[in-house]
Amino acid sequence: MIIVLKPSTPPEQIQLFEEKLCSDYEVKVNRWDGVHSTVLGLIGDTHTVDTEYIDAQDIVESVKRVQEPYKKANRKFHPENTVVKVSENVSIGDGSLHIIAGPCSVEGEEQIVSIAKSVKKSGATLLRGGAFKPRTSPYAFQGLKSEGLDLLKIARKETGLPIVSEIMRTEHIDMFENVDIIQVGARNMQNFDLLKELGKTNKPVLLKRGLSATIEEWLMSAEYIMAGGNDNVILCERGIRTFETYTRNTLDISAIPIIKKLSHLPVVVDPSHASGKSSLVEPLAMAAVAAGADGLIIEVHNDPPHALSDGAQSLTSKQFDAVAGKILALKEALK
Ligand code: PEP
Ligand code: MN
């Protein structure tokens with residue numbers, strides 16, 4: 001971290017400031033006295049240094065981080081890839097490709113069990129289904145709630161597929177005890193209380209990128225979970241808000257190699273929410289696999305025109321079968 005001090009700062013004040021930095025943080029301070037101003041270089045563990053506090057000091061002209069503000073999620077401090085073990089047969093980040101498939105919302109037992117069976121046949125290795133739904137309108141279907149989680153467990157029992165479902169409230173963590181991967185949706189990516197509580201568990205967490213979150217903000221949210229002791233974080237790129245209105249969001253393909261460079265955490269891509277259109281799911285899924293994604297999360301519905309949420313972006317089981325076939329063939333070809 002580089003701190004430029006204001007010109008003509010008295011040497012005694014600089015001395016006091018240096019001493020305070022060394023006592024407050026685990027850093028050493030290097031000092032360069034120039035003709036007009038003095039520059040301090042902080043060396044050591046600067047992750048906990050509050051740049052806003054530094055910037056607010058009267059003698060400080062400017063402050064700049066030269067190291068990323070996240071540590072546990074940072075590849076520099078953990079060069080090997082993190083592999084998140086979800087079940088006996090499912091480890092995400094180990095070089096294999098996992099497809100998480102299922103409806104946006106769990107709507108009933110027959111629906112979720114039949115979709116689970118069909119996506120499994122097509123090659124999916126995990127089942128998704130929303131029980132608590134974050135909807136833009138309070139009048140839209142809000143999910144079957146705890147009953148939805150129970151139905152997912154029935155589908156898991158029938159198929160053996162681990163289940164993935166979205167949590168919205170800290171108070172619900174106990175209810176998700178028996179869910180294999182807890183999804184934190186885009187709207188809750190910066191629900192810091194929720195992230196902290198999930199950090200106290202050892203559950204795999206699928207952390208979706210916020211609607212307008214930078215890659216650094218997204219990694220800082222992962223850091224919240226990891227700072228609590230839970231390293232089982234899987235990042236999910238699900239498209240970001242841009243000026244383009246043709247698609248629901250804009251899939252940031254570059255996020256995949258960027259995350260791979262900056263972090264050791266696995267990355268899953270959601271082409272369904274990224275595009276909002278079922279016809280775009282296949283090409284975006286292929287692009288994500290080619291760019292190095294560790295997995296995909298794809299919405300599949302038994303009757304998309306009558307889905308209670310996200311019908312327009314949902315594939316039928318038949319369409320999913322064709323898409324999964326191509327994706328898995330591409331993965332093979334890339335080996
Ligand atoms: C979902 O997975 O159904 C969902 C609501 O996703 P996102 O948080 O990415 O919008
Ligand atoms: Mn959805």
Checklist entry - For the chain, what is the accessible area per residue in Å², given a 1.4 Å probe and the full set of protein chains? => result 46 Å²
Item to check | Equivalent ellipsoid semi-axes, region 156-289, via Cα gyration tensor eigenvalues times 5, rooted, Å | outcome: 24, 18, 14
Checklist entry - So, how do all the Cα-to-Cα distances of the chain break down into 10 Å bins, in percent, from 0 on up? => result 6, 24, 30, 19, 10, 8, 3, 0
Checklist entry - Just in region 211-289: which GluC sites (Glu not before Pro) are loop by DSSP and have at most 10 other Cβ atoms within 10 Å? => result 244
Checklist entry - So, with +1 on the Cβ of K and R and -1 on the Cβ of D and E, and no other charges, what is the size of the charge dipole of region 1-93 about its Cα centre, to the nearest 20 debye? => result 420 debye
Item to check | Computed E for residue 33/residue 76 - FRET, C-beta separation, R0 41 angstrom, nearest 0.05 | outcome: 0.85
Item to check | Long-range amide H partners of residue 144 with built H, under 5 Å | outcome: 106
Checklist entry - Residue by residue, what Karplus-based ³J(HN,Hα) values in Hz, rounded to whole numbers, does region 30-46 have, using 6.51, -1.76 and 1.60 with θ = phi - 60° and x for Gly and Pro? => result 9, 10, 10, 9, x, 5, 9, 9, 10, 10, 10, x, 8, 10, x, 7, 8
Checklist outcome for this item: Once 309, 278 are ranked on solvent-accessible area with the largest value leading and a 1.4 Å probe, the list reads 278, 309
Checklist entry - Ignoring ligands, DNA and RNA, what percent of the 1.4 Å accessible area of region 2-64 is carbon and sulfur? => result 51 percent
Checklist entry - Per-residue accessible area for residue 50 at 1.4 Å probe radius, Å² rounded to 10? => result 70 Å²
Checklist outcome for this item: Applied in sequence order to region 122-135, the curve 6.51 cos²θ - 1.76 cosθ + 1.60 (Karplus, θ = phi - 60°) yields integer Hz couplings, x standing for Gly and Pro, of 7, x, 5, 10, 9, 10, 9, x, x, 10, 10, 9, x, 9
Checklist outcome for this item: Counting only residues 5 or more apart in sequence or on a different chain, those whose built amide H sits under 5 Å from that of residue 38 are 5
Checklist entry - Got a sec? Charge dipole of the chain, +1 on Cβ for Lys and Arg, -1 for Asp and Glu; which of 63, 36, 152 is way out at the positive end? => result 152
Next on the checklist: Spelling out what I want: for every residue of region 264-270, take phi, set θ = phi - 60°, compute 6.51 cos²θ - 1.76 cosθ + 1.60 (Karplus), and round to whole Hz; glycine and proline get x.
Outcome noted: 9, 7, x, 10, 10, 10, 10
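The values are calculated or read from the model by the stated rules, or taken from the named source; none is laboratory data. Everything numeric in this text was worked out from a predicted model, so none of it was measured. Cβ sites come from the backbone with ideal geometry, for glycine too, and all protein chains shown count toward neighbours. Just so you know, the surface numbers come from the protein's heavy atoms only, side chains and all, with ligands and any DNA or RNA stripped out. Shrake-Rupley method; radii C 1.70, N 1.55, O 1.52, S 1.80 Å.
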